[in-house]
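One structure below.
Taken together, the values in this text are just the output of simple stated rules run on the coordinates, not laboratory data. Treat the numbers as computed from the prediction; the structure is a model and nothing was measured. Here the Cβ positions follow ideal geometry from the backbone for every residue, glycine too, while neighbour counts run over all protein chains shown.
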Amino acid sequence: MVDLLPEQTPLWRYVEATARAHFRRAAVQEIRTPLLEVTELFARGIGEATDVVGKEMYTFLDRGERSCTLRPEGTASVVRAAIQHGLLSQGAQRLWYGGPMFRYERPQAGRQRQFHQIGLELLGFADARSDVEAIAIAWDLLADLGVGGLALELNTLGSPDDRARYRQQLVAWLEAHRHQLDADSQARIGTNPLRVLDSKHPDTQALLAAAPSLAEVLSPESHERFAQVQAGLGALQIPVQLNPRLVRGLDYYSHTAFEITSSQLGAQATVCGGGRYDGLVQQLGGPATPAIGWALGMERLVLLLSRVSAPPAQSIDLYVVSRGEAAEALALPLARACRAAGLAVEWDASGAAFAKQFKRADRSGARYAAVIGDGEAVEGVVRLKDLRAEVAEQRLALRDLPQHLLQACRA
């Protein structure tokens, strides 16, 4: 778990602000859920056989002897909140969330045990066009952020009946080749066999090339639905790479599964992933409700953006410099008045020599410096210096500075 220092947070705020703007334009509303949930929510929602529930959750007993878990992902919490507060009785819900998640896994670049996600959940949408819209929102957000080398990997997991038929075929094939599989894949045969398809072990991956394909057992209806998703993405000119081994890591997915990757990230290429989960709401005690969603990892995304572009600088409009008892008494009220007008202002409270304060003003990146000495304090004026242009300084009444500066910054 890491700290985000002041030089890092501007890029985080930029990503968050860009995401908010995209969600607003897509008529998606924000929802905020607790960091702590009852453990049963994730055991039922994500699946007890998954690595997340079995190996990675932060789970403990509280003082009331209740099993609690720090949320490892956002979808189950959003669905729980929608059920608990009756949101689904008000019609389909277009929701987004953001914030920290927790998984006990091996830390690496772009992946920590406390990590952050931004996610979208469309609850109550069954049509294939909703899959296309969800993917398009993610694609457009990443493109707008300047992420290069984007690729969309797409698969269908079919209906529950499709997967049940496929599971039988796959388990039989895996058992016949058990001795050739890596240890983790062998352990998953009896618990979560579809996850074997997502193995990163090179020998297992080579072996799986001959495994049965889910596409061979899909019903005509599932085939048609997947074709509609592909056609919708094609109409939006979003290129698709079909990946029959893409299964995602959680039990609740059905039909569409996807990942958006970037060639700029090397081995850790995935920046966004999601899919359809039509059975989850009912599984958690709500009415039968179709749904689709996705989440993007902030750490990995910020790591990528920091490699390809400089973080946006924090803009300061005015640096207030003062020296002398009378002048210093006026400096903070002046800074406060300028802030109230909407300006970003840093006030130097050091009382140091003017030369030292001017050096700090220059390092701050501020466009202007407001200078008050004892002489200016007696006259009720301020000297305004443009720190970024060779122009003569101005003398203004203290009360006039906020509006004058506001107009100058907007020009």
### Task
Compare Pro220, Pro287, Pro212 in a GNM of the chain, Cα atoms joined below 10 Å, and give the one with the largest fluctuation.
Pro220
### Hz values of 3J(HN,Hα) by residue in region 372-383 - Karplus curve (6.51, -1.76, 1.60), Gly and Pro given as x
10, x, 5, x, 5, 5, 5, 7, x, 10, 9, 8
### Task
Return one quarter of the surface area of the convex hull spanned by the alpha-carbon atoms of region 318-410, equal to its mean projected area, in nm².
5.3
### Task
Report the residue, chosen from Tyr368, Tyr277, Tyr166, that carries the largest GNM mean-square fluctuation when the chain is represented by alpha-carbon nodes joined by springs under 10 Å.
Tyr368
#### Entry: Debye, to nearest 20: dipole size of region 281-395, +1 on Lys, Arg Cβ, -1 on Asp, Glu Cβ
420
### Query
Can you give the charge dipole size of region 1-116 about its Cα centre, rounded to the nearest 20 debye, using +1 on the beta carbon of Lys and Arg and -1 on the beta carbon of Asp and Glu?
360
### Task
Could you tell me which of Ala352, Val52, Ile137 has its Cα farthest along the dipole of the chain towards the positive end, charges placed at Cβ (Lys, Arg +1; Asp, Glu -1), taken about the Cα centre?
Ala352
### Query
When the Cα centres of region 151-203 and region 1-74 are compared, how far apart do they sit, in Å?
27
## Note on the structure
Restricting to lysines and to Cα separations under 30 Å from Lys385, and discarding same-chain partners fewer than 8 apart, the set is Lys356, Lys359
## Note on the structure
Filtered hits (lysines, Cα-Cα < 28 Å from Lys55, offset >= 8 within chain) -> Lys200
### Query
Among rounded, prolate and oblate, which fits region 137-244 when a ≥ b ≥ c are the square roots of the eigenvalues of its C-alpha gyration tensor, a/c under 1.5 means rounded, and a/b larger than b/c means prolate?
oblate
### Summary
Applied in sequence order to region 202-212, the curve 6.51 cos²θ - 1.76 cosθ + 1.60 (Karplus, θ = phi - 60°) yields integer Hz couplings, x standing for Gly and Pro, of x, 5, 5, 4, 5, 5, 5, 4, 9, 6, x
### Query
Rounded to the nearest 5, what is the percent of antiparallel bridges among the DSSP beta bridges in region 318-410?
50
### Estimated dipole of the chain in Debye, rounded to 20 [Cβ of Lys and Arg +1, of Asp and Glu -1, Cα centre]
480
### Query
Most fluctuating residue of Arg32, Arg106, Arg363 in a GNM of the chain with Cα springs under 10 Å: which is it?
Arg363
### Query
Quick one: length gained pulling Glu16 to Asp198 fully straight, 0.36 nm per residue minus the C-alpha distance?
62.5 nm
### Query
From the square roots a ≥ b ≥ c of the eigenvalues of the alpha-carbon gyration tensor of the chain, which class results: rounded (a/c under 1.5), prolate (a/b over b/c), or oblate?
prolate
### Message
As I understand it, the dipole of the chain uses +1 on the Cβ of Lys and Arg and -1 on the Cβ of Asp and Glu, about the Cα centre. Which of Leu304, Gly149, Ala235 lies farthest toward its positive end?
### Response
Leu304
